[in-house]
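Student: Below you'll find the structure I mean.
What follows is calculated from the coordinates using simple rules that are stated; it is not laboratory data. Since the structure is predicted, the reported quantities are computational estimates derived from the model, not experimental observations. With ideal geometry, Cβ positions are generated from the backbone for all residues, glycine too; neighbour counts draw on all protein chains shown.
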Amino acid sequence: MTPLLTELVERCDTLRRRVASGGGAEVRRWLKDASYTLCVVTGTRQLDTALFGLRGDCRPG
């Protein structure tokens, strides 16, 4: 995974946790923006699909 993808995945994971723990509107907006960027970069339409695809590529062979 490239450094950009790694950073986006980590950002999305962190923001998802913050939203789940009661993050406000600003945190939800950051998650929406990060999710959109990750989906554009990976050519997907849903965050879960992008994350699954990227993490599937990282499994040891």
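Student: Quick check: the angle from helix 47-57's long axis to the longest principal axis of the chain, C-alpha only, nearest 10 degrees?
Tutor: Compared with the principal axis, the helix lies near 30 degrees.
Student: Right, something else. So how strong a dipole does the chain carry about its Cα centre when Lys and Arg Cβ are +1 and Asp and Glu Cβ are -1, to the nearest 20 debye? Walk me through the numbers before you get to the answer.
Tutor: On the way: 10 positive and 7 negative charges, 40 e Å.
Its charge dipole is roughly 200 debye.
Student: Follow-up question, since we're still on this one. Full-extension gain between T14 and D48, please, as 0.36 nm times their residue separation minus the C-alpha to C-alpha distance. Don't skip to the answer; put the middle values down first.
Tutor: On the way: separation 34, 0.36 × 34 = 12.24 nm, distance 1.42 nm.
So the chain would gain 10.8 nm between T14 and D48.
Student: Which option, [x] 22, 41, 27, 10, 0; [y] 24, 52, 21, 3, 0; [z] 20, 54, 25, 1, is the value of P(r) over Cα pairs in 10 Å bins from 0, in percent that was calculated from these coordinates?
Tutor: Matching entry in [x] 22, 41, 27, 10, 0; [y] 24, 52, 21, 3, 0; [z] 20, 54, 25, 1: [y].
Student: Using θ = phi - 60° and the Karplus form 6.51 cos²θ - 1.76 cosθ + 1.60, what ³J(HN,Hα) does each residue of the stretch 12-24 get, whole Hz, x for Gly and Pro?
Tutor: Coupling constants for the stretch 12-24: 5, 4, 4, 5, 4, 5, 5, 5, 5, 9, x, x, x Hz.
Student: Same structure again: Would you kindly state how much longer the chain becomes between T6 and T37 on full extension, computed as 0.36 nm times their sequence separation minus their alpha carbon distance, in nm to one decimal?
Tutor: On the way: separation 31, 0.36 × 31 = 11.16 nm, distance 1.26 nm.
The T6-T37 span can extend by a further 9.9 nm.
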